[in-house]
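All remarks here apply to the structure that follows.
What follows draws every value from the coordinates through simple rules; no lab data is involved. None of the values given here were measured: they were computed from a predicted structure. Every residue, glycine as well, gets a Cβ built from its backbone with ideal geometry; the counts of neighbours run over all protein chains shown.
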Amino acid sequence: MKDGAFITLGIETSCDETAAAVTAAGRRVLSNVIASQIDEHAVFGGVVPEIASRRHLERINGVIDAALSEAGVSFAGIDLIGVTEGPGLVGAVLIGLAAAKAMSFALDKPFVGVHHIKGHIHAVYLEHPALAPPFLSLVVSGGHTDLIAAHGYREYEVLGRTRDDAAGEAFDKVARILGLGYPGGPKVDAAAKNGDPHKIAFKRVMLEKGSLDFSFSGVKTSVLNYVNTEKQAGRSICAADVAAGFQASVVDVIVSKTLTALRKTGYRKLAVGGGVASNSLLRSRLNEACEASAVELFIPSPVFCTDNAAMIACAAYYEHKAGRTDRLDLDAKANLAL
């Protein structure tokens, strides 16, 4: 970069998006390239790990080249390489990690492994340059529904997490039950707009009193039981009403527990990330709740809510700034703890 900014190349391959991005000084996005595999996995109703890994292998070099070209950065201009080390599909994570290690060795550049959830927490910085910790982070995705106190750029405290199905996973399964297609989140969101959320009342699972953990397996099963019962009775099913009722149940629980976490921490800032953060009802309800509670709400644009490499580059920048550099024997971890 001509302005001398610190350049980070980010690589993300934790699931079914092959992504690379370039950031300057951590937060300024110079490029953000994502090669989606949605069409290939849609026929199976979900991500097939082996197919995802093969597609990452085929696309990773081209995606990295495209990100550097779009940013106007050469290989020599890279100061740091950040890459997802987990959690995620281990075969998929390995592809991105191998690419990052190879580049680090060949270019003699440092690299840093990034926790995928830390990436989602950092995504909010990409569009909110004035935001700084501490704040409460809500990460809602296909594999995670977490409430995390971000005490600093690298200091996190998990206050609540999913005990079974994450919100995004439940959306995908309900979409499959209703025959809406894949990916389930956008399909259910779209169907719910034409439905009555009060027509079918699904239970709000809050768990033990005061718990900030989540459980969405029960509401998913309730949807399945409702659909099966109606079919056996020969009654027609309004998919829009089912979708609206299910979505309202999930969003009510998330918003309620998030407000509880804000009260417990005393934080007046809420940052939201993860693919489900694109859900229109969740965004609307969180906005209303935060306005009523005088809490500042920060939600990235949808492109930074879903899996992307710009958030990984941002997180890597702050890790490296604190003095961290990883060795070439860093391994992929499917269940990496925060």
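Just the number, please: percent antiparallel of the DSSP beta bridges in the chain, rounded to the nearest 5.
60 percent
With a 10 Å radius around each residue's Cβ, average the other Cβ atoms per peptide and rank 14-26, 36-48, highest first.
14-26, 36-48
May I ask which of Lys257/Lys333; Lys173/Lys333; Lys203/Lys257; Lys193/Lys257; Lys118/Lys264; Lys101/Lys333 have a Cα-Cα span longer than 18 Å here?
Where the Cα-Cα span goes over 18 Å, the pairs concerned are Lys257/Lys333; Lys173/Lys333; Lys193/Lys257; Lys118/Lys264.
What distance in nm lies between label points placed 7 Å from Cα along the C-beta direction at Glu291 and Glu127?
If labels sit at Glu291 and Glu127, their model points lie 1.8 nm apart.
With an 8 Å cut-off on Cα pairs and a minimum separation of 6 or more residues, tell me the relative contact order of the stretch 133-299 in percent.
Taking the mean separation of contacting Cα pairs over the length of the stretch 133-299, I get 27 percent.
Bin width 10 Å, origin at 0, all Cα-Cα pairs of the stretch 1-56: what percent of pairs per bin?
23, 38, 22, 14, 3
Lys/Arg Cβ at +1, Asp/Glu Cβ at -1, dipole of the chain taken about the Cα centre: which of Met103, Ala332, Ser222 is farthest positive-ward?
Toward the positive end, the furthest listed residue is Ser222.
Going highest first, how would you order 88-101, 170-183 by mean Cβ packing within 10 Å?
Listed from highest to lowest mean packing, they are 88-101, 170-183.
Could you tell me which helices of the chain pass both thresholds, a Cα extent of 30 Å or more along their own axis and a mean Kyte-Doolittle hydropathy of at least 0.0, with helices taken as whole DSSP H runs?
239-265
With 10 angstrom as the radius, rank Phe216, Phe75 by how many other C-beta atoms surround their C-beta, starting from the fewest.
Listed from fewest to most nearby Cβ atoms, that is Phe75, Phe216.
7 Å from Cα along Cα→Cβ at both Ala102 and Ile237: what's the point-to-point distance in nm?
4.5 nm
Figure the gain on full extension for Ser74 and Ser284 (residue separation times 0.36 nm, minus the Cα-Cα span) and round it to one decimal in nm.
Extra length from Ser74 to Ser284 when fully extended: 71.5 nm.
Given the rule -39500 (n - 2.57) for each run of at least 4 DSSP H residues, summed and divided by the residues of the chain, what is its mean residue ellipticity at 222 nm, to the nearest 500 deg cm²/dmol?
Calculated mean residue ellipticity at 222 nm is -14000 deg cm²/dmol.
Using label points projected 7 Å from each Cα along Cα→Cβ, tell me how many nm separate Glu208 and Asn335, to one decimal.
Computed distance between label sites Glu208 and Asn335 equals 2.1 nm.
Treat every Asp and Glu Cβ in the chain as -1 and every Lys and Arg Cβ as +1, leave all other atoms uncharged, and give the resulting dipole magnitude about the Cα centre to the nearest 20 debye.
Value, rounded to 20: 760 debye.
Counting other Cβ atoms within 10 Å, keep those with at most 16, restrict to DSSP loop, and tell me which GluC sites (Glu not before Pro) in the stretch 103-165 are left.
When the GluC sites (Glu not before Pro) of the stretch 103-165 are filtered for loop state and at most 16 Cβ neighbours within 10 Å, Glu127, Glu155 remain.
Once R0 is set to 30 Å, what does the formula 1/(1 + (r/R0)^6) return for the Cβ-Cβ distance between Ala5 and Arg327, expressed as a FRET efficiency to the nearest 0.05?
With R0 = 30 Å, the Cβ-Cβ based efficiency is 0.70.
Please get the size of the charge dipole for the stretch 133-299, origin at its Cα centre, with Cβ charges of +1 on Lys and Arg and -1 on Asp and Glu, quoted in debye to the nearest 20.
180 debye
Between (1) 17.0; (2) 18.2; (3) 19.3, which entry matches mean projected area of the Cα convex hull in nm² as derived from the coordinates of this structure?
Computed from the coordinates, mean projected area of the Cα convex hull in nm² corresponds to (1).
I'd like the distance between the alpha-carbon centres of the stretch 122-141 and the stretch 42-86, rounded to an integer number of Å.
24 Å
For Arg163 and Ala66, calculate 0.36 nm times their separation in residues minus their Cα-Cα distance, and state this gained length in nm to one decimal.
31.0 nm
Projected area of the stretch 133-299, taken from the Cα convex hull and averaged over every viewing direction, in nm²?
The number I arrive at for the stretch 133-299 is 9.3 nm².
Does the stretch 256-306 classify as rounded, prolate or oblate by the C-alpha gyration tensor (a ≥ b ≥ c root eigenvalues; a/c under 1.5 gives rounded; else a/b over b/c gives prolate, otherwise oblate)?
Here the stretch 256-306 falls in the prolate category.
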